[in-house]
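The values are calculated or read from the model by the stated rules, or taken from the named source; none is laboratory data. Please read all numbers here as calculations on a predicted model, not as lab measurements. Every residue, glycine as well, gets a Cβ built from its backbone with ideal geometry; the counts of neighbours run over all protein chains shown.
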Amino acid sequence: MDLDFLCFKKVCLNTRVVFSLYDRENYKKNFCSTIFLILFSKFRSFRIFNPRYFSSRFKALNITKKLLYFSNVSYSFSHSKNYSAVLVSSGDFHVSIDIEPNNRKISKYLSLYLSDYFADVKLSSIEIISILECLVKIGIIDSIIDSKGGLMSLNNINISSKNRTAFIKIQDKMFYSKFIVIDGFHACITSDNSDYLKNIIYVD
Amino acid sequence: MDIEFKTLVAETFEMNIDDVEDNFALDPEGNWDSIAHLSIISGIDHIYNVQIRGDDLVGCRNISDIYLLIKKNGS
């Protein structure tokens with residue numbers, strides 16, 4: 001066992017949420033030799049033959065090996081341009097991640113739509129979008145897009161924020177989002193357990 | 001393709017309106033992500049009062065396909 005591994009293990013045993021953001025261009029792995037590892041793991045996916053989904057699942061597999069947690073693992077993935085983010089945590093709770101480039105601009109019509117519901121919220125439009133994307137991944141809302149056409153009404157979602165943490169109330173349930181800026185991206189991590197968001201560590 | 005639609009495309013994909021061509025490709029692995037979907041749907045709703053379905057947008061390969069959807073759903 002190398003020193004890095006021991007340090008990583010020590011840190012992870014004292015925390016709960018680990019995430020990694022990486023450029024897929026610099027993350028080329030032997031596809032054939034690792035595909036079976038993924039297919040027989042909890043990270044198997046119908047989209048595994050797509051390079052972006054393959055790399056994020058492989059990354060998640062490596063993180064869970066180092067975490068030494070093989071049961072009760074929660075995880076989430078986000079992909080943006082050439083980058084992928086992988087979030088893995090021990091514990092059986094809801095958690096999700098969304099990444100967006102820092103310089104991503106939101107169109108005026110989308111901003112108008114958001115301001116109809118969240119005009120008083122002290123978060124940027126991109127941060128609110130990230131929260132909504134996370135809520136979709138968690139499954140508390142089905143989609144931001146209405147299946148009948150247009151965008152969904154967001155009247156039932158209440159968002160407030162303090163110290164870069166957002167508090168979301170929806171259907172009498174509370175969710176919490178934390179924002180992290182890293183490598184030209186901002187990452188939004190959302191969970192129904194606020195304690196876990198206090199112990200996020202980043203790994204390469 | 002009218003100027004309002006080209007303006008919406010330019011704003012959504014952060015490009016100059018003069019560079020918006022009818023066959024501008026939508027790449028699900030690149031520019032055609034969830035925020036682009038939301039921008040296009042909200043813009044079309046606001047400009048044309050037409051509600052586009054997400055499933056229909058996913059099938060679009062270029063911006064002409066989206067424009068046809070507007071015409072189809074608006075008529």
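Here are some notes:
- Whether a residue is modelled with pLDDT under 95, away from chain B (no Cβ under 14 Å) and more than 24 Å from B:Gly43 (Cα to Cα) was assessed, and A:Asp192 passes this test.
- Scanning the range A:112-161 for residues that are of a type in the set (S, T, N, Q) and surrounded by 19 or more Cβ atoms within 10 Å (Cβ to Cβ), we see that the one that is nearest to B:Glu11 (Cα to Cα) is A:Ser125.
- As for the range A:154-165, it holds no residue that is under 23 Å from B:Ser42 (Cα atoms), within 16 Å of the chain's Cα centre (by Cα) and not β-branched (Val, Ile, Thr).
- Residue check for B:Ile35: in a helix (DSSP H, G or I) and either within 23 Å of A:Leu112 (Cβ to Cβ) or modelled with pLDDT of 95 or more (or both): yes
- Within the range A:17-44, considering residues that are of a type in the set (Gly, Ala, Ser) and farther than 27 Å from A:Ile180 by Cα, the one modelled with the lowest pLDDT: A:Ser33
- Considering the range A:60-107, and only residues there that are modelled with pLDDT of 85 or more and in a loop (DSSP other than H, G, I, E, B), the residue that is farthest from B:Glu29 (Cα to Cα) turns out to be A:His94.
- Output for the range A:107-128, where each listed residue is touching a Ser or Thr at 6+ places or on another chain (Cβ under 6 Å) and more than 7 Å from every other protein chain (Cβ to nearest Cβ): A:Ser111, A:Leu114, A:Lys122, A:Leu123, A:Ser125
- The number of residues in the range B:6-44 that are at negative phi and either more than 12 Å from every other protein chain (Cβ to nearest Cβ) or over 11 Å from the mean Cα position of the chain (by Cα) (or both) comes to 21.
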